[in-house]
C-alpha cells in the first residue's frame with residue numbers, strides 16, 4: 001500500500017484535503033468556550049459541537065469508507081460508503097442525496113447491528129441525522145420519502161446477504177438481484193486501499209456524489 005501526503009491530494013473542485021482540514025479546524029477552534037452541557041463529538045477532522053454542529057463532508061466521506069458493516073462478520077469487508085452508493089442507485093434522482101447520507105450518523109456511532117442497536121442508540125442517530133441535515137441546509141425527508149429510502153436500504157441489505165454480507169442470514173431473507181449486481185460491480189471496481197485511505201477513490205467518489213446529488217434535490221427542500 002502506497003503512503004503519501006494526503007494534504008496534497010486535489011479534490012474535484014480544486015481544493016486539497018489540507019484546505020478542508022484547515023477550514024474544519026477554524027470552524028471548531030472555539031470548542032472550549034461552549035458550555036459543558038453541550039457534547040463534543042470526535043471526527044476525522046477534529047472536534048464537532050453537538051447538537052449545534054455536525055460532521056463535515058470530509059468526516060463522512062472518510063469515516064463511512066472505513067466503517068465496515070456486519071461488525072466484521074461479513075463474507076468480505078464492505079464499508080458503509082459502498083452500501084450507501086447502492087442505496088443511491090436504487091432511488092430516484094431527487095432522493096439520491098438522502099440515500100447517500102442515510103447512514104451518516106454512523107460517522108459517530110459506528111455501524112451497530114441489531115439486536116445491539118438499542119432504542120437509545122436509534123434516538124441518538126436520529127438526533128445526529130437531524131443535525132447533519134440542518135448543517136447542510138436541507139429539509140428532512142417526508143414520511144413517504146423516508147419509506148422509499150428505507151425500502152432501498154432493505155433492498156441493498158438483501159443484496160449484501162447473498163454477496164458480501166453474512167451468508168447465515170440467507171435463511172431469513174430472499175434475494176434482490178438488482179442490488180446484488182450493483183454490489184458485485186462496486187466490489188470489483190474498488191480495492192481495499194481505495195476504501196481505507198483518506199485520499200482513496202471511495203471517499204473521493206462519496207464527496208463527488210454528495211455535491212452532485214445535492215443539486216438534484218427538489219428546490220423546496222433547500223433551506
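Things worth noting here:
- Two-site label geometry, residue 212 and residue 135: point separation in nm, points 7 Å out along Cα→Cβ: 2.3 nm
- Taking the number of Cβ atoms within 10 Å of each Cβ as an exposure proxy, the fewest-first ranking of 162, 42 is 42, 162.
- Cut-off 19 Å (backbone N to label point 7 Å along Cα→Cβ of residue 150), residues of the stretch 77-105: 84, 87-88, 90-92, 95-105
- Rounded, prolate or oblate (a/c below 1.5 giving rounded, otherwise prolate when a/b exceeds b/c) for the stretch 79-182 by Cα gyration tensor: oblate
- Global geometry of the stretch 123-216, whether rounded, prolate or oblate, following the gyration tensor of its Cα atoms and the 1.5 cut on a/c: oblate
- Ordering 52, 111 by the number of other Cβ atoms within 10 Å of each residue's own Cβ, fewest first, gives 52, 111.
- Distance between the pseudo-spin-label points of residue 219 and residue 124 (7 Å out from Cα toward the beta carbon): 4.1 nm.
FYI, it's all coordinate maths here, none of it is from the lab. Since this is a predicted model, take the numbers as computed values, not measurements. Glycine gets a Cβ as well: all are built from the backbone with ideal geometry, and neighbour counts include every protein chain shown.
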